[in-house]
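Scroll down for the structure; my scribbles are underneath it.
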Amino acid sequence: MSAADDDGRELTGDEALAAEYVLGALDDADRRAAARRVDSDPDFARLVEGWEERLSPMAANYEPVEAPASTKQAIDRRLFAGNATQAPGSDRTAPGGFWASLALWRGIAAAALAAFLIAVALPLLAPEPAAPQRERLVASLAPQQSDVHYFVVYDASERDIGLSHVTGARDEGRDFELWVIEGGNSPVSLGIIPAGSSVHLAVSDDLQRKIGAGAVFAISLEPAGGSPTGQPTGPVVAAGNLHEV
């Protein structure tokens, strides 16, 4: 996945590396190297901070959670094992036709989002024994022959889909429509995506059963008010598969 700024400009060099680091798109070796640069290179650290700030509005809908000490220790073991140069207390390391072929989208890298998603995921990593587990899934809906890019957080317990608009604009008089594709089934509409940088869609009980890890989210460009047929009629502008956090 290539990173792009708010104007749709492809990012290169350290700017792209910082964006991919925050998104969790780097492999283990590159992630560890980038983490060392955060500690040693102030200019690179500022780039990372900038991307964390740009993605942080997606966390606005969730309350902060104070995790038990055992959860912090578990995260440290997962993030810093084998990395002697990274201080265990650091919070810089990020967790590491279309409709005819869903296998293509299985290869799309999902965004882990910014470092703030660690806090969102804490209760999932080590929930209290008596507390029900809250299922949250994330996806990076990457551009498909377009400049449209969204980040998505799906909260099953709240029946809520939060979408953060990164790049790309809908044509005048047209709407973006969000679809879920479960296995080899036909796409099912989740609704028209409201305009805005950070928006939410409610999920019905019936649709909730169709959304799970591995399902594909896709965005098509439709006439105002949405598809008239119940199936996508316009081009697919962004897509990505859902992953647990």
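The values are calculated or read from the model by the stated rules, or taken from the named source; none is laboratory data. The structure presented is a predicted model; accordingly, all values stated were derived computationally and were not measured. In this analysis, Cβ positions are derived from the backbone assuming ideal geometry, glycine residues included, and neighbour counts consider all displayed protein chains. Please note that ligands, DNA and RNA were not included when accessible areas were found on the heavy atoms of the full protein model with its side chains. Shrake-Rupley method; radii C 1.70, N 1.55, O 1.52, S 1.80 Å.
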Exercise. Check A202 against each of (1) touching an Asp or Glu at 6+ places or on another chain (Cβ under 7 Å); (2) closer than 12 Å to L137 by Cα and name the one condition it does not meet.
Key: (2)
Exercise. Would you mention how many residues in the stretch 198-245 are at pLDDT 90 or above and touching a His at 6+ places or on another chain (Cβ under 8 Å)?
Key: 3
Practice problem: Please state which one of I161, I181, I192 is at pLDDT 90 or above and open to solvent by 10 Å² or more (accessible area, probe 1.4 Å). | Solution: I192
Quiz prompt | Within the stretch 197-245, tally of residues that are farther than 13 Å from F176 by Cα, open to solvent by 20 Å² or more (accessible area, probe 1.4 Å) and not in a loop (DSSP other than H, G, I, E, B) | solution = 9
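How about the stretch 140-158: which of its residues are within 15 Å of S204 (Cα to Cα) and open to solvent by 10 Å² or more (accessible area, probe 1.4 Å)? Write out each step before concluding.
At the first step, the residues of the stretch 140-158 found to be within 15 Å of S204 (Cα to Cα) are 154-158.
Selection gives A156, S157, E158.
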Exercise. Write out, first by first residue and then by second, each pair whose Cβ atoms fall under 8 Å of each other, whose residues are 6+ apart or on separate chains, and whose first residue, in the stretch 159-170, is on the phi > 0 side of the Ramachandran plot while the second is open to solvent by less than 20 Å² (accessible area, probe 1.4 Å) and assigned to a strand (DSSP E or B).
Key: G168/H149; G168/V237; G168/A238
